[in-house]
C-alpha cells in the first residue's frame, strides 16, 4: 500500500470556480470552499467526481482522506472509501465500518459518480495558513502503485473577522428658550478717592471698549439682551467704610456710563459691589511664596468681624517692605469689575442653521447643530464637521461629548481622546455605555465590553444588541 498526495488549496469564504484533475485524471475536484464561521468552526466542502474511466479492480479499495497540514501540524478529516465489486461484497458481509469514515461507496464501472463532501471541525490557530490535501491510499492484492503529485488549487488564508462596531449618537433635546451669557472682567482705574469714570485715565479707554464690544456683539437681529449685571470689587487696604463708599459710587458710575451709551430700558442694568475683596486676597496669598504665608492665612480665616483690624494685623505681621509688596503686586489685582450680559437667541430653521454654522456657530443650540449634522449622511465630511463644531461650542455638554466620542470612533481615532469625551458624557445613558463597550472591544477587553453592551441594551440602546453579535465574533476567534 502506497500513498499518493494531492494538494487542494482554498480561500476563506470563497468557492473555487476551477477544477483540478487528480489521480491520473480519474478524480476531479470542484467547488472547493473553506470557511471559518462566526462560531469558530472551519467548514470544508467540495465536490469529488469519480470519472467514467476510473478503474478499480474487484479486490481493490481506495481511501480518499482530506487532510489539513502545515510543516508541523496535521489533521485528518473524515475519509471516503471507494470499493471494487468483490471488496464491497466482503465489506457488506462483514458489516465493518472503518472509524471516522465520511462515506463508503461501491465503484460503478464506466459511470461518473459525484460525491458532495462537507465537514466541519473546531478551528485552531495553526490552520490559518494550512494546506488542504487529499491523501489517497490504494489497497489491493499485490498491486504496485506509482506515486504521483497533485496540483495546487488554492491556499487557506484564514484571517480575523472584520468587526463592525455599531456606534451610538444622541439627538439633543430642543431648548425651550435659548438663553446664553457672555462675561468678562474689566480693570478700570479711578483717581484717588474719586468715583467718577475718566475714560482717558490710564488704561480706561481699552477697558471700557472691551465692555462695550461685548455688548455690541450681542446687539443683532438674532439676539435680545435680557440683563446686564456688573459686580465691582475693591482691595482691603484703608478704611472699610471709605472702601464701601468708593466701591458703591464707582459701580454706579459704570452703570451710568453704559446706560448713557445705549439708552437701555430702566432695570436692564443692575450692579452690586464688594467693598473689600478678601476672597481674591486669600487666593493671592495661597499661591504666593511669602515668608509669613501661613500666619497671614490664619488672620484672614479668623473670626474677627472687624476687617480693618484684620488688615492692620497683617500689615504689622509682615512689616513695611512686605506690605509695600502687597500694595504694588496684590491689591491692584483685586480691584476689578465683573460683568455678565445675559441674552436670548431666536431659533433657526435648518436652512438658516446651515448658513449660520459657517460664520457664527455660537448662535446655534446643540439641537440645531445636530439637525444640521443629521441632514447629511452619518460619517460624511459635513456630518463630522458639524459635530466637531458642537464640541467646540459646548465643550462641557454631556451630549456634545458623547457625539464627539462617536465621531472619533467612526474615524478610528485616538482612544485616549475618545475616553476623555466619554468621561464627560452621561454615564447613565445607554449610548454612553454602548460606546464605552466599543472602546473596550477595540482594546481587546472582551469581558468588560460585554458588561457595557448588556447594560446599554437594558437601557434601550439598540446598537448594543448588534454589538453583542460583533463581540461574539471576536470572542469566538482566538487571538495570537
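The values are calculated or read from the model by the stated rules, or taken from the named source; none is laboratory data. Quantities reported herein were computed from a predicted structural model and do not represent experimental measurements. Backbone-built Cβ (ideal geometry, glycine too); neighbour counts: all protein chains shown.
Of everything in the stretch 353-367, what is farther than 16 Å from residue 174 by Cβ and not in a helix (DSSP H, G or I)? Give them in sequence order.
360
The rows are residues; the columns are (1) over 30 Å from residue 230 (Cβ atoms); (2) part of a helix (DSSP H, G or I); (3) in the same structural domain as residue 269 (by TED's automatic domain parsing).
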residue	(1), (2), (3)
339	no, no, yes
369	yes, yes, no
376	yes, no, no
383	yes, yes, no
409	yes, yes, no
418	yes, yes, no
425	yes, no, no
434	yes, yes, no
440	yes, yes, no
